[in-house]
Amino acid sequence: MTDPMDHPVGLLLGAEQDWPTAFEALAARLGVLTAPDGTQHTLSTERMTIEPFNLRDRVRHELVIDRLAHWYYHPREWLKKAALMDDVYLLNSPFTFQSMEKHSAYCALMRLGMNVPETVLVPYKNPVDNARWAFTSAKYNRSFDLDEIADSLGYPLYMKPFDGGGWRGVSQVRDREDLHRAYDDSGEMLMHLQASVPDYEHFVRTLTIGPETMAMKFRPEEPMHERYAVVHDFLSDEVGREVLTVSQTVNAFFRWEFNSCEMLVKDGVVHPIDYANACPDVAVASLHYYFPWAMTALLRWTTFCTVTGRSPRPHIDTAPWFAVADDEVLDHQGRLAAYQTLADDHFEAERYRAFCDTTLRHVPEMVLEWVGSEDFRRMLTSTVQQTYPPQEWERFEAHFSGLIALWLSDEQVRLAS
């Protein structure tokens, strides 16, 4: 009998320690997997380093989970080389990182007929660092009335950088005084003005990994450890389906397979407001109850892509999506159904579910066992002690332990049903 085929997975990391530790532990527990064709496989992981690289050097990893290249250009160019020359599977395409600067994502979803709030891009407040600025500005920049633009959108509104970045530079603008203060403070950041959705009923943040999506009730006004509320079935069936479709449409359209989206729901209408996150939040100290789900989805999708030899498709193809958007016969619900079909086809959703039910059928029990183990407890303790001051360790460990205990109880019931 031949040895199992090993599939090396690279982790391109920044400062994170919690989820990589969890992912590595779970990958090591997978054992030998039997694929649908009867072949045997294992998964190995490696934390990658940053170093000079020859463009013709062969890459040893089959798949890379990147958490760094959205701001660090050296590994971003390595990812492009790995995709173009070595067919390495990348969960998020490095060729559409520019789209992850929010602006292109807004344009795409507007083009697809989603209910994105009205948005205006305004010029820089301060000159950019370029010797040609003065001439270009004097000759071609038209004066504009910031107050008039804000009045047309209506107060309150939001001013936020076109390229996002962990709520950096986001301001709620309640009146003209706020407007000018926020614009003056923007400096060399290029800003959007975006209409708000007053009195919304739900702020939803979804995390999507491959064809799996978790919709979570999000409370942005709370501290990070309290923002994800453990509330089930808070959306109606119809709204829940639309939230899922928006999330998976964004990912399939832009070739992102590990991304989070934010949407506001009011009167049954879903308003996407932020859906381009090159490094979505998967920290145990914020996701807590939902952390085991995220690790399960990431492990399953990574394994599916490598073991089945899924072909990387990093470049976007807008034609089928715009054909749906331009079909005058379809109403909004009809377009959503068509987008979901395109997303399911892109992510091979049916094949993926069959793979999880056979090759990976032991994974839910395996994750349950590990989350209840001392290994997980040590990881959680280490995370708390790295995140909070010593006087807060006991409180936060009890807080997260309680939420994880709730997940363990709920998961035991789910698996027994």
Does MET191 satisfy being aliphatic (A, V, I, L, M), surrounded by 14 or more Cβ atoms within 10 Å (Cβ to Cβ) and over 30 Å from PRO312 (Cβ atoms)?
-> yes
Would you please list the contacts, defined by Cβ atoms under 7 Å and residues six or more apart or on different chains, that run from a residue in segment 113-126 that is at positive phi to a residue that is of a type outside the set (Val, Ile, Thr)?
-> GLY113/ALA325; GLY113/HIS332; GLY113/ARG335
When residues of segment 269-297 are filtered for being part of a strand (DSSP E or B) and open to solvent by 10 Å² or more (accessible area, probe 1.4 Å), how many remain?
-> 4
All positions within segment 123-133 that are touching a helix residue (DSSP H, G or I) at 6+ places or on another chain (Cβ under 7 Å) and surrounded by 14 or more Cβ atoms within 10 Å (Cβ to Cβ) = LYS125
Are any of the residues in segment 238-251 in a strand (DSSP E or B), open to solvent by less than 30 Å² (accessible area, probe 1.4 Å) and either in contact with a strand residue (DSSP E or B) (Cβ under 8 Å, 6 or more places away or on another chain) or charged (D, E, K, R) (or both)?
-> no
Could you check PRO75 against (1) out of contact with any strand residue (DSSP E or B) (no Cβ under 6 Å at 6 or more places or on another chain); (2) buried (at least 18 other Cβ atoms within 10 Å of the Cβ) and say which number it fails?
-> (1)
Restricting to segment 298-354, what's the tally of residues that are in a helix (DSSP H, G or I), out of contact with any Phe, Trp or Tyr (no Cβ under 9 Å at 6 or more places or on another chain) and among the basic types (Lys, Arg)?
-> 2
Keeping to segment 32-47, report how many residues are loosely packed, with under 13 Cβ neighbours inside 10 Å and under 12 Å from THR359 (Cβ atoms).
-> 5
Long-range neighbours under 6 Å by Cβ, at least six apart or interchain, first residue among the acidic types (Asp, Glu) within segment 395-408, second open to solvent by less than 40 Å² (accessible area, probe 1.4 Å) and assigned to a helix (DSSP H, G or I) | GLU397/VAL384
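The values are calculated or read from the model by the stated rules, or taken from the named source; none is laboratory data. Keep in mind the model is a prediction, meaning the values are calculated, not measured. FYI the Cβ positions are ideal-geometry reconstructions off the backbone, even for glycines, and counts take in every protein chain you see. The area values use the complete protein model at the heavy-atom level, side chains included, leaving out ligands, DNA and RNA. Shrake-Rupley method; radii C 1.70, N 1.55, O 1.52, S 1.80 Å.
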